[in-house]
């Protein structure tokens, strides 16, 4: 049985997009991450070494996104998933990224990917 740790609504500036006008400045992306992790042991031990340090993952993601230069949300999502899966306690990650106002009559465009840790 998988438990889940969430990192929700991380809102960051990012160079993203395929059109010239999109690349003239940073745009906002909103990132939501669900990490499938066994939480039974840390729930009992109350010890960080028994779980995933989501603050460390968050810091790596912030650094990646703020310094990135991706064209596609899909590529950004893959890079974020790779960061999350570096911790072998993460069994699976779901990355959902929204780009507000990317489409004229929509609140946002978005991608969502699910990747598993190959053990």
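By count of other Cβ within 10 Å, fewest leading, how are 70, 6 ordered?
6, 70
So what is the 222 nm mean residue ellipticity for the chain from helices alone, if each DSSP H run of at least 4 adds -39500 (n - 2.57) and you divide by all residues, rounding to the nearest 500 deg cm²/dmol?
-8000 deg cm²/dmol
Stretched out fully, how many nm does the piece from residue 118 to residue 75 gain, at 0.36 nm a residue minus the Cα gap?
13.5 nm
How do 3, 9 line up, fewest other C-beta atoms within 10 Å first?
Fewest-to-most ranking of 3, 9: 9, 3.
Counting pairs of alpha carbon atoms under 8 Å apart in space and at least six apart in sequence, what relative contact order in percent does the chain give?
Once divided by the residue count of the chain, the mean separation gives 27 percent.
Applying 1/(1 + (r/R0)^6) with R0 = 35 Å to the Cβ-Cβ distance of residue 44 and residue 111, what FRET efficiency is obtained, to the nearest 0.05?
The value I calculate is 0.45.
Over what distance in Å are the Cα centres of region 69-110 and region 1-45 separated?
7 Å
As a test, work out the antiparallel percent of DSSP beta bridges whose residues both lie in the chain, rounded to the nearest 5.
Here the antiparallel bridges make up roughly 95 percent for the chain.
Could you list 74, 118, 22, 98 in order of exposure, starting from the residue whose Cβ has the fewest other Cβ atoms within 10 Å?
118, 74, 22, 98
Mind jotting down the three principal axis lengths of the chain based on Cα atoms? Whole angstrom, largest first.
Over the chain, Cα extents along the principal axes are 51, 26, 24 Å.
Of the candidates 38, 77, 104, which one comes out as most mobile in a Gaussian network treatment of the chain with C-alpha springs shorter than 10 Å?
104
Which residue, 105, 85, 35, has the most motion in a Gaussian network model of the chain that connects Cα atoms within less than 10 Å?
Judging by the Gaussian network model, the answer is 105.
We did not get these values from a lab; they are worked out from the coordinates using the rules stated. In this text the structure is predicted, and so the values were computed from the model without any measurement. Positions of Cβ are backbone-derived with ideal geometry, glycine not excepted, and every protein chain shown enters the neighbour counts.
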